[in-house]
Structure formats: C-alpha cells, structure tokens
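Structure, as structure tokens:
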Amino acid sequence: MASRIEDYGLIGNLRTSALVSDTGSVDWLCAPRFDSDAMFSSLIGYDEHGQWALRPSIGVKEFKQRYRGDTLILETDIICDTGIVRRTEFMPLTEDGSEVIRVLEGIEGEVPMEMLLNVKFGYGAYPPMIDGGDREFTLIAGPDAIVVRGNVEMKRNDKGVSAYFNVKKGDRIEFQMSWYSSNLQPPKPLDIVKEFRATENFWIDWSSRCTYRGKYRDAVMRSLITLKALIYAPTGGIVAAPTTSLPEELGGVRNWDYRFCWIRDSSLTLQALMLCGYADEAIAFRDWLIRAVAGDPEQIQIMYNIDGGRRLTEFELEYLPGYENSKPVHIGNAASGQFQLDIFGEVLNALYLASKMGMPRKEESTRTLRRIVNHLTTIWQYPDDGIWEVRGGRRHFTHSKVMAWVAVDRVVKYIDENPDIEFDPSLLSHLRTLRERIHEEVSQRGFHKGVNAFTQSYGAEVLDASVLLIPHYGFLPANDPKIKGTVEAIENTLLRDGFVLRYENQKAGDGLPGSEGAFLACSFWLVDNYFMVGRKKEAEELFDKLLSLRNHLGLLAEEFEPSVKRQIGNFPQAFSHLALIASAHLLTTGVDDGNTIGISAMPIKEEEVVR
C-alpha cells in the first residue's frame, strides 16, 4: 500500500524521476521519460503493481530522511534495535538511460535487510520475463527492459528478484538498476562512486549559482532544485509534476495526469528561476516554446508533451484502484484541447522579463511574437475555459481577461524598449488602444459591486482566488479599493483554516462532483497581497504557516486538506514551489512592481548558457 503523499522524496536525472518513501520503497518511476509508462505504479495501486523495496526485515524505531545538502541525493538513517544503516539513493545524470542507484552503509551494529524488486511494466499491467542469476538479472516485457545488479546474492522469486542479507558496521551494499530498450544489450555497470561524485558536484554547482540570499534560503533552494528536477533537459520542457492521478480529494474523482508541459506553469516556473538568477533555463524554454507553438497561432494549445507534441489523449486505467481508492486513474489529459486565454499573458510576461535580463534575441521568437499578437487582438474577447481548466463550459473569466491585458501590455513595453525590432506601427498603435479597452472592460465587468470584489467571471457572484494575481501584474495596485475589497471577500469566503481555496466548488459549476483541498499557490498569492498592502506581519505569519506544510524534505504537493492535515494532489507540484519562491523573494526584497516582478539577476549571456 502506498505511503502518505508527504512521506515521499524525489530523485531524478533531468529526464525522469522517482518517488521514494521514507520506509524505502520506490513506488513510482516512469522510464526513460517523465511521460513514459510507469514500471513501478504502487503509488496509485498496490504492491503488486510494481515497487522496489529496500528495508530492514526487523522492526524499525525511526527513519531519518534528508537530502544531502543542496542536491537531489536522498539519505536515510534507518535506526533499529540492533543497529543503524544509512541508505543513499540517487539517479545519475547519464544521457542514454535511466538508472537508479541505492547504497546501504553499516553505521552501527548489525541489521538484517531485504531487497524486493517487483517490476510491472505498462503501469502495473505487464509482468516481465526474468533471466540471469546471482548478482545480475534482466527483466523484459515488450519494448522495455531493466538490468539490476548488486554486490550481494540475489534470487528470482514469484514476484521478481529478491535478496536477504545482513549489514554490519563498515559494510557497503550496492544496487543499481538501469532501464534500456529491450532490443539492445544491457548497459555496462556504472562506477557508483564516480557517478555519486558527478551527481553531487552537478547539483552543488547548480545550487551555488542561486542569487537569493534572504532568510528563507533553505526553502527557496529546495524549491529551486525541485523545479530544476522537473525540466526535461533534452528539450527544455517543464512538467507540472512527475505524477498522475494523485487526488485533489481523497477518494474523489478529481485525478489528473500532470506529466506534461503547461505553457502557464512552465512560464511561471521560468519566472521563479529567473528571480534567483537562473538564465540558461530561460533560453532552453524559449526555444522549446518556439518549436511547440510553431505554425498557425489558432492551433496553440495550453499544454504539450515534453517534446512539444500535441496529442495528449486522455484515457482511464480501470484495473488500478487509484491512490487511497481515488478513481479514475487518468493517463493523458483532455484539457489539452481547452482554450485558455491567460496563457498568452503568462508567456509574453515571461519572455518580456527574460528580455530585460538580456536574453539574446532570436528571429524565430520575434516572428512567433508577431503571429501571437495578431491572433490575440481577435480572441481576447472570446469566452474561455479559465486557468483552472473547469469542465463546466466557457465563460468570460476575469483572470483570463486580466492576462489578456498583460499580454498586450508586455508586447507594447517590449517594442518600446527595443525600437530596432521591426513591428507594424499601425498594429502597435492599435495595441495601445486595445490595452486601455481591455483594462476598462475588466474594471467594469469583472468587478461585482454587490460582492465588492473581482469575481470569477463577468456578472457572477462566485469568488475565485486567481484574481489575487491582479496587483502582481500591474493591472491595479494592491492598495486600490477594488483590490482591498477583493482580498476581504476572499478572506471571508475562500479561507479554510487559514488556507485559500481556488474557488467555491459548489457554486462555480466546474462540471465535476466532489470538492478539493486548499490550493497552496493561491495561499502564497494571499501572502503577497498582504505584504504589498502593508500587512507585513500577517504576510509573514501566513508564509511561515505555509512553510510548515512542507514535508520533511521541503516538498509540497498541489493542495492541502485541512480536515485531515494531509498533502493531496500531484507531487511535488511546480505551481506550489514557484509560488513559494516568488513570495519569499517579495518578503525579502519588498520588490514587486508588476513589471519586473523583482528581477535582480545577472543578464543572460548566450555563451554562458549550460545546455
């Protein structure tokens, strides 16, 4: 049975990742990519659907799990009555496969251990053919294969491969598992000590480039590392989370596949990285974006796969019971066919900020910009599906219209600040007029006088936390009476034990049964609004409360359910971590003017980019 969501740690190799419980079970791993079929799926099923356990065969007094400094290397001290064993786990940053390395070191006494490897390819559906013996086994099914190696004797059993052994003080037991295409020969064994040093050095070097120096550095650094781990290095695409179908309500149906690149989430992730001085990711994402949206701007999607592919067909795995009986389990995401107006604002804002950092211009990006802008001048007035991907029909969502204004505003600013760019003067004049037109419309129709707040959509009384972003983007200042009224209305309606819901589920008509927990990013947005209006003590208190929700490794899921004090939703969630970074930056620097969002990093130089 899967552990609590917050009991997992993340390891990865910038191509895929695995979730490892503190008790020593790898319960989720897709290989060789984030969006590949899982070979370990017990996270959303049972043990029989695939896991890799490495644990004592006697009772445990305590597990002490942590990351090794500012890296993605997990260390766990396993404390038993008879001794202490340290377990170290990581994924080497190799280019031609997906390896997981697990090392046990005897610290004190002697502890009996077991290794149980149960591989089920195809999300727990296909048991493999097993071959080999002693210290090396291969497991093959269809196109997928793995080889597992260890320096202790292993045996084949009914479920897979197992080993039973004792670890005494000074002992070092090593296991390495490598995925490979079944039509090829197994990869050669890795030099584990060499790979450990290379992996540690990579993360230490990357972390050392962080420009944030505030009092929340530990939380910010862990969030940055997590965001970096969600980037698919070969293309620059950024997944929203490495998991599928972890529920927004325990036992509910709001379970979605997040292993794709949302333009919105990716753009906001990029902004968070840029806040802390990370420039190479900006260029990689810019290039990914150009490739993904190439062609007719009318065909731009809200999300793509990590290559920029468009087909994300959604289907259900009926044989899997789901996390804590939360069904259905989804693969793919039908929201890819939705129209979400706000993505244009997030993309153009991110690119504008990157240009202010000095990101080298690319002619393809300028051509793409022209096509998008021409398309935007028409579609801004259409109803859309909104930021939250509701399945209850299109509306004129207030947040979407605000972000349409942001898109136009950033293009105008970009052209004004880069006069050498060839741009139709008549179109630029039209954009200036359009910017004012959108602003006037949203101010009048998005604000409900009876509620004294910006509401979810034009004319509706339903509140939505997405409007908390209005002052972030410079649409109105945080001390504007309309923003103050909005914050007060959200406090009175959307707060649950001090945390913010996305919207009123029962009133919003989102097309789905059930409810959900508090959305953590929205709670960070409230922190920002408190701070910007001078309520600094309340901002810091709420921020500290949110930090206390992180698990023992500093990781956050998408939501928090106050009634059971559990993290819920896909994990770890980029949206939660990028919002944490933005709030920490604001609380530390006090800078957020709606245009630069506090960017204070060094300029981007093409020759310095790490590919």
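The values are calculated or read from the model by the stated rules, or taken from the named source; none is laboratory data. What you are looking at is a predicted structure, and each value in this text was computed from that prediction instead of being measured. Here the Cβ is made from the backbone with ideal geometry for all residues, glycine too, and neighbour counts use every protein chain on show.
A count restricted to segment 479-488 and to residues that are buried (at least 17 other Cβ atoms within 10 Å of the Cβ) and either within 27 Å of the chain's Cα centre (by Cα) or in contact (Cβ under 8 Å) with a residue 40 or more places away in the chain (or both) stands at 2. Working only within segment 262-302, note down all residues that are in a loop (DSSP other than H, G, I, E, B) and of a type outside the set (A, V, I, L, M). Listed by number, the residues that qualify are 276, 277, 278, 295, 296, 301. Would you be able to tell me the number of residues in segment 132-175 that are within 21 Å of residue 42 (Cβ to Cβ), touching a residue at least 60 places away in the same chain (Cβ under 8 Å) and out of contact with any helix residue (DSSP H, G or I) (no Cβ under 6 Å at 6 or more places or on another chain)? Summing the residues that are within 21 Å of residue 42 (Cβ to Cβ), touching a residue at least 60 places away in the same chain (Cβ under 8 Å) and out of contact with any helix residue (DSSP H, G or I) (no Cβ under 6 Å at 6 or more places or on another chain) in segment 132-175 gives 4. Filtered by the rule that a residue be of a type in the set (Gly, Ala, Ser), crowded, with 23+ Cβ neighbours inside 10 Å and touching a Cys at 6+ places or on another chain (Cβ under 6 Å), segment 1-53 gives a lone residue, 38.
Within segment 40-54, can one find any residue that is touching a Ser or Thr at 6+ places or on another chain (Cβ under 9 Å), acidic (Asp, Glu) and more than 26 Å from residue 221 (Cβ to Cβ)? Let's see the steps before the verdict.
Going residue by residue through segment 40-54, those that are touching a Ser or Thr at 6+ places or on another chain (Cβ under 9 Å) are 40, 42-44, 47-54.
Subset that is acidic (Asp, Glu): 47-48.
Next, from what is left, pick out any that are more than 26 Å from residue 221 (Cβ to Cβ): 47-48.
Checked segment 40-54: at least one residue is touching a Ser or Thr at 6+ places or on another chain (Cβ under 9 Å), acidic (Asp, Glu) and more than 26 Å from residue 221 (Cβ to Cβ).
Of all residues in segment 103-135, those satisfying the criterion of being hydrophobic (A, V, I, L, M, F, W, C) and not in a strand (DSSP E or B) are 119, 121, 125. Looking at segment 425-441, which of the residues that are over 35 Å from the mean Cα position of the chain (by Cα) and in contact (Cβ under 8 Å) with a residue 40 or more places away in the chain is surrounded by the fewest Cβ atoms within 10 Å (Cβ to Cβ)? In this case the residue turns out to be 430.
Which residues, taken from segment 149-187, are small (Gly, Ala, Ser) and in a strand (DSSP E or B)? Let's see the steps before the verdict.
Taking segment 149-187 as the starting set, the residues that turn out to be small (Gly, Ala, Ser) are 150, 160, 162-163, 170, 178, 181-182.
Within segment 149-187, 150, 162, 163, 178, 181 qualify.
Can you report the number of residues in segment 337-351 which are part of a helix (DSSP H, G or I) and crowded, with 21+ Cβ neighbours inside 10 Å?
At the first step, the residues of segment 337-351 found to be part of a helix (DSSP H, G or I) are 337, 342-351.
Those still in the list that are crowded, with 21+ Cβ neighbours inside 10 Å too: 342-351.
Residues in segment 337-351 being part of a helix (DSSP H, G or I) and crowded, with 21+ Cβ neighbours inside 10 Å: 10 in total.
Test residue 11 against the criterion of being in contact (Cβ under 8 Å) with a residue 24 or more places away in the chain, in contact with an Asp or Glu (Cβ under 8 Å, 6 or more places away or on another chain) and in a strand (DSSP E or B), and give yes or no. Steps first, answer last, please.
Details: in contact (Cβ under 8 Å) with a residue 24 or more places away in the chain: yes; in contact with an Asp or Glu (Cβ under 8 Å, 6 or more places away or on another chain): yes; in a strand (DSSP E or B): yes.
The answer is yes for residue 11.
Screening residue 196 on (1) under 16 Å from the mean Cα position of the chain (by Cα); (2) modelled with pLDDT of 95 or more; (3) aromatic (Phe, Trp, Tyr) shows it passes everything except condition (1). Within segment 55-64, one or more residues are surrounded by fewer than 24 Cβ atoms within 10 Å (Cβ to Cβ), within 21 Å of residue 163 (Cα to Cα) and free of Cβ contacts under 8 Å to residues at least 24 places away in the same chain. The residue list 354, 334 contains one member that is hydrophobic (A, V, I, L, M, F, W, C), more than 16 Å from residue 403 (Cβ to Cβ) and surrounded by fewer than 18 Cβ atoms within 10 Å (Cβ to Cβ), which is 334. Looking across segment 66-102 at every residue that is in a strand (DSSP E or B) and touching a helix residue (DSSP H, G or I) at 6+ places or on another chain (Cβ under 9 Å), the one that is surrounded by the most Cβ atoms within 10 Å (Cβ to Cβ) is identified as 90.
Here residue 272 does not qualify as over 19 Å from residue 28 (Cα atoms), crowded, with 22+ Cβ neighbours inside 10 Å and modelled with pLDDT under 85. The residues on offer are 86, 66, and the sole one that is farther than 30 Å from residue 256 by Cα and of a type outside the set (Val, Ile, Thr) is 86.
Being buried (at least 21 other Cβ atoms within 10 Å of the Cβ), modelled with pLDDT under 90, in the same structural domain as residue 348 (by TED's automatic domain parsing) and not β-branched (Val, Ile, Thr) is true for just one of 266, 223, 245. Which residue is that? Walk me through how you get there before you give the answer.
Numbers: 223 fails: modelled with pLDDT under 90; 245 fails: modelled with pLDDT under 90.
Exactly one residue qualifies, and that residue is 266.
Being more than 27 Å from residue 33 (Cβ to Cβ) and modelled with pLDDT of 90 or more holds for only one residue in 386, 322, 358, 332, and it is 386.
Would you say residue 190 is in contact (Cβ under 8 Å) with a residue 40 or more places away in the chain and either of a type in the set (Lys, Arg) or surrounded by fewer than 21 Cβ atoms within 10 Å (Cβ to Cβ) (or both)? Outline the logic, then answer.
On the way: in contact (Cβ under 8 Å) with a residue 40 or more places away in the chain: yes; either of a type in the set (Lys, Arg) or surrounded by fewer than 21 Cβ atoms within 10 Å (Cβ to Cβ) (or both): yes.
It is true that residue 190 is in contact (Cβ under 8 Å) with a residue 40 or more places away in the chain and either of a type in the set (Lys, Arg) or surrounded by fewer than 21 Cβ atoms within 10 Å (Cβ to Cβ) (or both).
Residue pairs whose Cβ atoms lie under 6 Å apart, sitting 6 or more positions apart in sequence or on different chains, and linking a residue in segment 452-478 that is at positive phi to a partner that is surrounded by fewer than 23 Cβ atoms within 10 Å (Cβ to Cβ), are 452/485; 474/594; 474/595.
Filtered by the rule that a residue be without any contact (Cβ under 8 Å) to a residue 60 or more places away in the chain and not charged (D, E, K, R), segment 388-416 gives 408, 412, 415. Report yes if some residue within segment 566-586 is farther than 28 Å from residue 68 by Cβ, surrounded by fewer than 24 Cβ atoms within 10 Å (Cβ to Cβ) and more than 22 Å from the chain's Cα centre (by Cα); otherwise report no. The answer is no; no qualifying residue exists. The test for being at pLDDT below 95 and either in a loop (DSSP other than H, G, I, E, B) or in the same structural domain as residue 73 (by TED's automatic domain parsing) (or both) holds for residue 598. Once segment 443-491 is narrowed to residues that are part of a helix (DSSP H, G or I) and among the charged types (D, E, K, R), the residue that is farthest from residue 535 (Cα to Cα) is 445.
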